[in-house]
């Protein structure tokens, strides 16, 4: 194979993850996301230094396809599915699609531009599987394969989820990872000392991708990946549940999360665009949760809830 086909979508940030999944399901061998919100004020939430970048409401998602695939048919399918996102309450804005052909070496170079080792939290660094990066000190390495799509693990929603896991996990916990995607949150949970992790995703492609990424990391036999519709029909009780998915979907798992969390357990929810924050808070409060931590990066929000009867402990009393 000497050539690749590139399809780039410009779309409103709110629809980013859904659009990325559509590209993967249409046959893409990988997606790269260019989002100005990753570069706020020159310094990222976790101390990364960035050049000044103009802030816009749209993101560019670039997908790569083998040369033998029918690009016109793929483009048509992608356009049709993107048009359906409004039915899920997602704002897409004026969607723009562009295609071009790439030589093999150009495709590889494009990946390197988007995907380099990235220190995400104090302890966690995400590293592309093809690099010889060595851990320093207490640094924990998460190896991901960029050819397996679902982004690079450095999106603000993922960063905040990883930060929350690092703050909560102390070792020996059972973790449920809902909508696992790349599997990055499950791998991080294992590295941070969780005893067992059960990862679920509705999409069979995501289940395969997550397992392949998990296999790249040593000591992750304690991660179990399966197809599942949120937490429906799950009967495993856990100390921590993490879900980095769309706000419209998060509101459908709060009751099951409360049922499955042990007393004083934590629910981490990320992927919440600011205008849908109140909707998620209301669902969590209705289920019985108390908000312990609220993280914000750009337009994205991550929430950490606790299942407890001790309100004074949450309120600092």
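In plain terms, the chain from residue 71 to residue 132 could stretch by 18.5 nm, reckoned as 0.36 nm per residue minus the Cα-Cα distance. Percent of Cα pairs in region 143-314 per distance bin of 10 Å, from zero to the largest separation: 11, 42, 38, 8, 0.
Full-extension gain between residue 196 and residue 170, please, as 0.36 nm times their residue separation minus the C-alpha to C-alpha distance. That pair, residue 196 and residue 170, stretches by 8.1 nm at full extension.
Here each label is just a point 7 Å from Cα along the line to Cβ, and for residue 264 and residue 91 those points are 4.2 nm apart. In this simple spin-label model, placing a label point 7 Å from the Cα along the Cα-to-Cβ direction at both residue 286 and residue 34 gives a separation of 4.1 nm.
Quote the FRET efficiency, to the nearest 0.05, computed for residue 255 versus residue 83 with a Förster distance R0 of 51 Å and r equal to the Cβ-Cβ distance. Here the calculated transfer efficiency is 0.95.
The numbers here are math on the coordinates, done by the rules we state, and not lab data. Please read all numbers here as calculations on a predicted model, not as lab measurements. Glycine also receives a Cβ, built like all others from the backbone with ideal geometry; neighbour counts cover every protein chain displayed.
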